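Worksheet: one structure, shown below.
The values are calculated or read from the model by the stated rules, or taken from the named source; none is laboratory data. In this text the structure is predicted, and so the values were computed from the model without any measurement. Note that we place each Cβ from the backbone using ideal geometry, even for glycine, and neighbour counts take in every protein chain shown.
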Amino acid sequence: MMTTSRDTQSDDDVKSSPGRGHALVTGAGTGIGRATALRLAADGWRLTLMGRSEATLEETAARITSSPGSGVAVAVADITDRVAVETALERTVGRFGPLGAVIANSGQGGPNQPGPGDRFSDLVQVNLIGTYNTLRAAQRVLAPAAGPRHMVVVASILARIGVAGYTGYCASKTGLLGLVRALAQELAPEEVMVNAICPGWVDTEMARAGISDMAREMEVDYAEALGVAMAAVPLGRMSAPGDVAAFISWLVGGEARGITGQSLDINNGAWM
């Protein structure tokens with residue numbers, strides 16, 4: 001586990017500077033996580049970027065333009081190890097102050113099949129238990145209750161529907177919705193808003209891998225498989241990672257007060 005930082009101000013200057021506060025984004029090295037980190041940095045948040053790949057996290061950090069009060073730390077940690085997450089957060093909270101927002105985005109995708117090599121336990125360990133570890137570790141270092149704080153869990157449209165061959169992914173993402181409801185009840189007295197978002201197809205590496213798997217199974221090329229997938233989406237397109245990031249920005253930006261314990265859908269009409 002490693003923590004590095006990219007701000008150019010002193011610790012005291014960063015913690016006392018005006019801005020949105022300090023936000024944690026897990027899985028910030030790629031896809032939705034990277035887009036969310038870039039959007040929140042533009043909104044004025046100080047950021048801890050967490051994930052397992054230092055290289056991709058550093059790529060995200062390098063794209064963030066420094067501004068007064070901003071700062072970005074890279075924390076390499078595996079969310080299945082709660083102690084590692086807690087240790088990383090304690091270090092960055094020492095620099096940027098307590099957390100005002102948590103974006104629990106880290107996850108693992110793909111199918112699983114019964115028998116030798118079944119990935120069911122791995123998917124549940126990362127997607128459900130790892131997210132639980134993240135939220136509990138973050139809870140320890142939340143900002144004092146001078147207003148709402150936010151926890152946003154990135155679930156999936158597959159928390160709403162079943163897909164053959166994806167038992168582990170569907171089960172783990174559905175479990176997140178129960179986790180969010182229970183934690184929203186638990187933390188409501190402290191004015192901590194806890195919500196899940198359920199994206200449909202989003203143009204990420206994980207989604208492209210899914211389309212490629214479809215193409216192999218259907219014995220067609222990628223473009224044809226993509227066409228089949230989008231035929232089931234009323235708006236006929238994938239979301240961009242930035243679309244999801246904009247939704248998250250709104251949820252944690254102070255205008256979404258009173259929304260807690262919800263599972264919010266952004267899927268171009270694929271599930272209604």
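Can you find even one residue in region 259-268 that is modelled with pLDDT of 95 or more, hydroxyl-bearing (Ser, Thr, Tyr) and closer than 30 Å to Leu24 by Cα? Checked against the condition, which is being modelled with pLDDT of 95 or more, hydroxyl-bearing (Ser, Thr, Tyr) and closer than 30 Å to Leu24 by Cα, region 259-268 yields at least one hit.
Every residue, every condition in (1) at pLDDT 50 or above; (2) in contact with a Phe, Trp or Tyr (Cβ under 9 Å, 6 or more places away or on another chain); (3) within 29 Å of Ala207 (Cα to Cα), yes or no:
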{"position": "Asp7", "(1), (2), (3)": "no, yes, no"}
{"position": "Asp13", "(1), (2), (3)": "no, no, no"}
{"position": "Ala23", "(1), (2), (3)": "yes, yes, yes"}
{"position": "Ala28", "(1), (2), (3)": "yes, no, yes"}
{"position": "Ala35", "(1), (2), (3)": "yes, no, yes"}
{"position": "Asp43", "(1), (2), (3)": "yes, no, yes"}
{"position": "Leu47", "(1), (2), (3)": "yes, yes, yes"}
{"position": "Met50", "(1), (2), (3)": "yes, no, yes"}
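Specify the residue that is nearest to Met238 (Cα to Cα); the eligible residues are those in region 211-223 that are charged (D, E, K, R) and in a helix (DSSP H, G or I). Once the filter is applied, the top-ranked residue is Asp213.
Condition check ((1) in contact with a Pro (Cβ under 6 Å, 6 or more places away or on another chain); (2) within 14 Å of Phe120 (Cβ to Cβ); (3) in contact (Cβ under 8 Å) with a residue 40 or more places away in the chain; (4) polar (S, T, N, Q)) across all residues:
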{"site": "Ser156", "(1), (2), (3), (4)": "no, no, yes, yes"}
{"site": "Arg160", "(1), (2), (3), (4)": "no, no, yes, no"}
{"site": "Gly168", "(1), (2), (3), (4)": "no, yes, yes, no"}
{"site": "Lys173", "(1), (2), (3), (4)": "no, yes, yes, no"}
{"site": "Val180", "(1), (2), (3), (4)": "no, no, yes, no"}
{"site": "Glu186", "(1), (2), (3), (4)": "no, no, no, no"}
{"site": "Glu191", "(1), (2), (3), (4)": "yes, no, yes, no"}
{"site": "Asn195", "(1), (2), (3), (4)": "no, no, yes, yes"}
{"site": "Cys198", "(1), (2), (3), (4)": "no, no, yes, no"}
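Restricting attention to region 164-192, the residues that are of a type in the set (Asp, Glu) and either assigned to a helix (DSSP H, G or I) or within 19 Å of Gly107 (Cα to Cα) (or both) total 2.
Taken over region 144-176, the criterion of being at pLDDT 95 or above and surrounded by fewer than 18 Cβ atoms within 10 Å (Cβ to Cβ) is satisfied by Ile161, Gly162. Residues that are farther than 20 Å from Thr30 by Cα, of a type outside the set (D, E, K, R) and out of contact with any Leu (no Cβ under 7 Å at 6 or more places or on another chain) number at least 2 in the following helices (runs of 4 or more DSSP H) confined to region 49-163: 82-96, 120-124, 130-139.
Count of region 256-271 residues, restricted to those that are among the hydrophobic types (A, V, I, L, M, F, W, C), in contact with a strand residue (DSSP E or B) (Cβ under 8 Å, 6 or more places away or on another chain) and in a loop (DSSP other than H, G, I, E, B), is 3.
Could you figure out which of (1) of a type outside the set (Phe, Trp, Tyr); (2) in contact (Cβ under 8 Å) with a residue 40 or more places away in the chain; (3) under 16 Å from Pro111 (Cβ atoms) isn't true of Arg208? Only one criterion is unmet by Arg208, namely (2). Counting the residues of region 259-272 that are surrounded by fewer than 18 Cβ atoms within 10 Å (Cβ to Cβ) and touching a Pro at 6+ places or on another chain (Cβ under 9 Å) gives 3. Scanning region 224-245 for residues that are assigned to a loop (DSSP other than H, G, I, E, B) and either touching a Leu at 6+ places or on another chain (Cβ under 6 Å) or closer than 18 Å to Ala159 by Cα (or both) yields a count of 3. Please determine whether any residue of region 246-255 is assigned to a loop (DSSP other than H, G, I, E, B) and modelled with pLDDT of 95 or more. No; the residues of region 246-255 include none that is assigned to a loop (DSSP other than H, G, I, E, B) and modelled with pLDDT of 95 or more.
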